[in-house]
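J.: One structure, pasted below without further comment.
The values are calculated or read from the model by the stated rules, or taken from the named source; none is laboratory data. Everything numeric here is computed off the predicted structure, so don't read it as measured data. Glycine gets a Cβ as well: all are built from the backbone with ideal geometry, and neighbour counts include every protein chain shown.
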């Protein structure tokens, strides 16, 4: 079974019932292998968005860790060079740190799918310079 790499959008939509993708995300979340893997930049973005725009507390995200539904095994310190290369390579796309970390994670977890709402961005990004990244995305 392939690992799922969690992006910011699905994490926010999972908790925010007013999000247009909430129902789609909940359905896919139920199919995901656990733990769903992510990185700290995704968690930082998601908790900020949930608190500032949806008024939801951060402890909802932390509870997913406690229940071992999500895990963040990626250490940016160990992969700063490759991540910096990705950010530079896709600077014309405005690649965010979270996306660069997920692309790098897709290189580390070769049998994976990125769980995202940003199909447009992830259809442009490539792992190992030219490989398409498998996605779980709407559309």
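J.: Here are some conditions: (1) under 14 Å from the mean Cα position of the chain (by Cα); (2) surrounded by 17 or more Cβ atoms within 10 Å (Cβ to Cβ); (3) in a helix (DSSP H, G or I). Residue 44 meets all but one. Which one does it not meet?
T.: With respect to (1) under 14 Å from the mean Cα position of the chain (by Cα); (2) surrounded by 17 or more Cβ atoms within 10 Å (Cβ to Cβ); (3) in a helix (DSSP H, G or I), residue 44 is out only on (2).
J.: Which condition does residue 74 not pass, out of (1) surrounded by 13 or more Cβ atoms within 10 Å (Cβ to Cβ); (2) part of a helix (DSSP H, G or I), if it passes all the others?
T.: Failed condition: (2).
J.: Filter region 32-89 down to residues that are touching a strand residue (DSSP E or B) at 6+ places or on another chain (Cβ under 7 Å) and in contact (Cβ under 8 Å) with a residue 12 or more places away in the chain, then give me how many there are.
T.: Count: 11.
J.: Further, regarding this structure: In this structure, does residue 88 turn out to be farther than 17 Å from residue 33 by Cβ, more than 17 Å from the chain's Cα centre (by Cα) and in a loop (DSSP other than H, G, I, E, B)?
T.: On the way: farther than 17 Å from residue 33 by Cβ: yes; more than 17 Å from the chain's Cα centre (by Cα): yes; in a loop (DSSP other than H, G, I, E, B): no.
No.
J.: Assess whether residue 69 counts as being in contact with a helix residue (DSSP H, G or I) (Cβ under 9 Å, 6 or more places away or on another chain), over 23 Å from residue 18 (Cβ atoms) and at pLDDT 95 or above.
T.: No; evaluated as a whole, the condition is false for this residue.
J.: Let me ask you something else. Could you run through region 115-133 and say how many residues are in a loop (DSSP other than H, G, I, E, B) and either surrounded by fewer than 16 Cβ atoms within 10 Å (Cβ to Cβ) or free of Cβ contacts under 8 Å to residues at least 60 places away in the same chain (or both)?
T.: Adding up the residues that qualify gives 5.
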